[in-house]
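**Q** Below is the structure I would like to discuss, written out as structure tokens.
The values are calculated or read from the model by the stated rules, or taken from the named source; none is laboratory data. Everything numeric in this text was worked out from a predicted model, so none of it was measured. So basically every Cβ, Gly included, is an ideal-geometry build from the backbone, and we count neighbours across all protein chains shown.
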Amino acid sequence: MDLSLSIWHAAGDALPDKAPLLRFPLSRPHCSLSEAPLTASAPSSPAEVSKRRVRALVGLRLLEVMRDLDIPSELLEEEDTTVTLPRRLGLNDVVGRQIRSFREDARRGVRLTDPEIQDLFRLVIRRPDAEDIFFLAGQSLAGSKRPGWRRFLPKGMALALARSRVRRRLKTLFGRRIGGLGRGAFSLEGRGLLFIEADPGGEACALVTGLCQTTIEQATGHKASLTHTLCQSRGDALCRWEGALLEGAPEPPPPPAADSVAD
């Protein structure tokens, strides 16, 4: 049975009184994944678009980060929370129901179609803190593996391990090869990626930045610097992320919400 999902499509921290809804069906059965790389700028065929390839965990992490950022650190004494809190998009009841739905979907192994996850991307980019949301969600999607003995590896071997882990993690989450690894210590690049298709402004690319940086740090035990050096949103021919190891141990990424699901 299809599950009709509704997400308020509103900008920033304020919800308009009559915010339009984003609606899309979500089928429960798990479908086989496509191995086709999403590196070309040509439009996907209808058959490709309808395939369920993106793990529901991606949508769950995006909405959890949005919710956590909207939780106020303090409330004004005269503030009517029954009015002000629901008007924060991340704390809206509709978003809360969607989080619970995605949580169950993630446990069941349900995957989303590209249009479904792109609807969520478009919801996020309406906010002024969109880039932060994508980056933090990317960090949490990297997983929680500890470097252990890997931190004693030579940097070249550690980076080779990190490149392999990034490639596998992206494919696991999005059900296809996302871009390709280039030359240098760490370089990932691709054209017409899922993120640019949904967000021509390029803010959604921060999800890849957060995921790659955290994965490199987990795989090597070193701090990492990752820069989105080229982006199609800025008129470049492709998107490229370049990284390098720094001295010192990395800061642990923010943990998922206590009521969330393991990745």
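**Q** In the range 192-202, which residues are buried (at least 16 other Cβ atoms within 10 Å of the Cβ), touching a residue at least 40 places away in the same chain (Cβ under 8 Å) and in contact with a helix residue (DSSP H, G or I) (Cβ under 7 Å, 6 or more places away or on another chain)? Break it down stepwise before answering.
**A** Our first condition is that a residue be buried (at least 16 other Cβ atoms within 10 Å of the Cβ); within the range 192-202, this holds for 192-199, 202.
Cutting the leftovers down to touching a residue at least 40 places away in the same chain (Cβ under 8 Å) gives us 192-199.
Listed by number, the residues that qualify are 194, 195, 196, 197, 198, 199.
**Q** For residues that are in a helix (DSSP H, G or I), surrounded by fewer than 22 Cβ atoms within 10 Å (Cβ to Cβ) and among the hydroxyl-bearing types (Ser, Thr, Tyr), tally how many sit in the range 98-140.
**A** 1
**Q** Identify, from the list 233, 225, the residue that is more than 15 Å from the chain's Cα centre (by Cα), assigned to a helix (DSSP H, G or I), of a type outside the set (Lys, Arg) and modelled with pLDDT of 85 or more.
**A** Values: 225 fails: assigned to a helix (DSSP H, G or I).
From the options 233, 225, the qualifying one is 233.
**Q** With the structure loaded, tell me whether residue 184 is over 18 Å from residue 131 (Cβ atoms), crowded, with 23+ Cβ neighbours inside 10 Å and touching a strand residue (DSSP E or B) at 6+ places or on another chain (Cβ under 9 Å) or whether it fails that test. Break it down stepwise before answering.
**A** Details: over 18 Å from residue 131 (Cβ atoms): yes; crowded, with 23+ Cβ neighbours inside 10 Å: no; touching a strand residue (DSSP E or B) at 6+ places or on another chain (Cβ under 9 Å): yes.
So residue 184 fails the test.
**Q** Then there's this: Limited to the range 237-251, what total is found for residues that are assigned to a loop (DSSP other than H, G, I, E, B) and either without any contact (Cβ under 8 Å) to a residue 12 or more places away in the chain or not small (Gly, Ala, Ser) (or both)?
**A** Step one: list which residues in the range 237-251 are assigned to a loop (DSSP other than H, G, I, E, B), which gives 237-238, 246-251.
So of that shortlist, the ones also either without any contact (Cβ under 8 Å) to a residue 12 or more places away in the chain or not small (Gly, Ala, Ser) (or both) come out as 238, 246-247, 250-251.
Matching residues across the range 237-251 total 5.
For every residue, the table says whether it meets (1) in contact (Cβ under 8 Å) with a residue 12 or more places away in the chain; (2) hydrophobic (A, V, I, L, M, F, W, C); (3) part of a loop (DSSP other than H, G, I, E, B); (4) farther than 21 Å from residue 123 by Cβ.
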{"position": "166", "(1), (2), (3), (4)": "yes, yes, no, yes"}
{"position": "184", "(1), (2), (3), (4)": "yes, no, yes, yes"}
{"position": "208", "(1), (2), (3), (4)": "yes, yes, no, no"}
{"position": "213", "(1), (2), (3), (4)": "yes, no, no, yes"}
{"position": "216", "(1), (2), (3), (4)": "yes, yes, no, yes"}
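**Q** Considering 165, 126, 183, 169, which residue is modelled with pLDDT under 90 and over 25 Å from residue 237 (Cβ atoms)? Break it down stepwise before answering.
**A** On the way: 165 fails: modelled with pLDDT under 90; 183 fails: over 25 Å from residue 237 (Cβ atoms); 169 fails: modelled with pLDDT under 90.
Unique residue meeting the criteria: 126.
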